1. What are the residues in the range 238-271 that are within 30 Å of LEU110 (Cα to Cα), in contact with a helix residue (DSSP H, G or I) (Cβ under 6 Å, 6 or more places away or on another chain) and among the hydrophobic types (A, V, I, L, M, F, W, C), if any?
2. Tell me the residue from VAL262, VAL198, VAL268 that is out of contact with any Phe, Trp or Tyr (no Cβ under 9 Å at 6 or more places or on another chain) and not in a loop (DSSP other than H, G, I, E, B), please.
3. Only one residue in PHE215, PHE230 is within 15 Å of ALA91 (Cβ to Cβ) and either buried (at least 24 other Cβ atoms within 10 Å of the Cβ) or touching a Leu at 6+ places or on another chain (Cβ under 6 Å) (or both), so which one is that?
4. If the requirement is being out of contact with any helix residue (DSSP H, G or I) (no Cβ under 8 Å at 6 or more places or on another chain), of a type outside the set (S, T, N, Q), more than 15 Å from MET156 (Cβ to Cβ) and in a helix (DSSP H, G or I), which of these qualifies: LYS356, LYS274?
5. Within the range 141-149, is even one residue crowded, with 16+ Cβ neighbours inside 10 Å, closer than 29 Å to HIS289 by Cα, touching a Ser or Thr at 6+ places or on another chain (Cβ under 7 Å) and β-branched (Val, Ile, Thr)?
6. May I ask you to say which residue of ALA31, ALA49 is open to solvent by less than 40 Å² (accessible area, probe 1.4 Å), within 26 Å of GLY283 (Cβ to Cβ) and either of a type in the set (A, V, I, L, M, F, W, C) or modelled with pLDDT under 90 (or both)?
7. Could you list all residues from the range 99-110 that are closer than 21 Å to LEU54 by Cα and part of a helix (DSSP H, G or I)?
8. Within the range 117-147, track down each residue that is in a helix (DSSP H, G or I), farther than 15 Å from TRP237 by Cβ and in contact (Cβ under 8 Å) with a residue 24 or more places away in the chain.
Amino acid sequence: MQFNFLFEYITFFIAALIISLIINKLILRFAKNLGIRNKNDVTVRWSNASKPSLGGISLYFTFIISVLIYASVSSTENIFNQIEFIGLIAAATLAFGIGVADDAYNTKPLLKLIGQISCGLIFVFSNNTVDVFHQPIIDGLITVIWVVAVMNSLNMLDNMDGITGTVSFFILTTCFVVLAMINDPNNLLWMFLIIAEVGALLGFLMYNIHPAKMFMGDTGSQFIALFISFFGIKALWNLPAIYEVPSWTSLFLVLTAFTPTVADTLTVVINRRKRGDSIMLGGKDHTTHHLVYRGFSDFKVWLIFLLISIFSFGYAICLSYFLIIGKYWIAFFGLLFFLVIFIPLYRNTLKYHPPKG
């Protein structure tokens, strides 16, 4: 039985990878004809090069196609009768729409925030909330804050070639392994959806790693962040509740798995507050940018975040294992791991600055 599932996961992964590659190839071929508003189908970013910012299309439609494939081959369940799944697909579609609107019309931050809050509320009313305090109102509030935070954090991290796609790849892989460790038959659907999206991300990264041929855009970052926030709840936030260990351990587990994006966002927030700048505006003051100011090439910066993501993945899996067997005090090492990554990245932003002139 386990071998059959492994074969099915591999098949699902390969199918999603192929679908993603095909969609991205078509996007690159017809990008000029797919422009939403004149030149608004491109994004001028760190590389100072204008390229299609339509990578999110492959991420979303690979998800939709994988849902349809799973629904057609599954003879034991009707996923469209599951309120949790309906909540995911509704929120994911809304997030995709938010991204499309922002890429097309550069929507105002308040309108974007309202959309993100709505995504969080969809989770709350579809029984997809965090289970930390075991109080519906408090846990619902945390869920909304979590969704908004992840959607903005990953959007901010999408500032250099390959970074957000790579970080997202390993966070989702972490969630997949943790759900496999839980070994609950009810997680079968979630695991297939994760493995499909991991395949989609790999297909996108083949066009996004430096030198990128296309960007993710808000269309991609909003959708993938929503998707990640959902499985962060299922696999990480709610793991302690499943095994009846202290709920505070979930914070350190989440912090470990999300170390790359939390470290970058926290750095930007601290530095901008110190300067009196708005944290809502874009800028070339991220940890990635300051690594370039230090002398690393764009590709080496991607390699640094790749290594951080790999270590975050491995460390989060170890913490999950110890939580499952009841060794919850090990969770404190998650904070230690985060600080080991965050402090050098933050100090680097204080020491190395963009060249003058």
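The values are calculated or read from the model by the stated rules, or taken from the named source; none is laboratory data. Nothing here was measured: the structure is a model prediction, and the numbers come from that model. No Cβ is skipped: glycine too gets one built from the backbone with ideal geometry, and neighbour counts run over all protein chains shown. To get the accessible areas, we keep the full protein, side chains included, count just its heavy atoms, and leave off ligands, DNA and RNA. Shrake-Rupley method; radii C 1.70, N 1.55, O 1.52, S 1.80 Å.
1. Matches in the range 238-271: VAL254, LEU255, ALA257, ALA263.
2. Values: VAL262 fails: out of contact with any Phe, Trp or Tyr (no Cβ under 9 Å at 6 or more places or on another chain); VAL198 fails: out of contact with any Phe, Trp or Tyr (no Cβ under 9 Å at 6 or more places or on another chain).
Just a single option satisfies the conditions, and that option is VAL268.
3. Working: PHE215 fails: within 15 Å of ALA91 (Cβ to Cβ).
Answer to the check: PHE230.
4. It is LYS274.
5. First pass over the range 141-149, keeping only residues crowded, with 16+ Cβ neighbours inside 10 Å: 141-144, 146-149.
Now narrow it down to the ones that are closer than 29 Å to HIS289 by Cα: 146-149.
Keeping just the survivors that are touching a Ser or Thr at 6+ places or on another chain (Cβ under 7 Å) gives 146-147.
When the remaining residues are screened for being β-branched (Val, Ile, Thr), the result is 147.
There is at least one residue in the range 141-149 that is crowded, with 16+ Cβ neighbours inside 10 Å, closer than 29 Å to HIS289 by Cα, touching a Ser or Thr at 6+ places or on another chain (Cβ under 7 Å) and β-branched (Val, Ile, Thr).
6. On the way: ALA31 fails: within 26 Å of GLY283 (Cβ to Cβ).
Exactly one residue qualifies, and that residue is ALA49.
7. Here is the first cut: in the range 99-110, the ones closer than 21 Å to LEU54 by Cα are 99-109.
Of everything in the range 99-110, those that are closer than 21 Å to LEU54 by Cα and part of a helix (DSSP H, G or I) turn out to be GLY99, VAL100, ALA101, ASP102, ASP103, ALA104, TYR105, PRO109.
8. Selection gives ILE117, SER118, CYS119, ILE122, PHE125.
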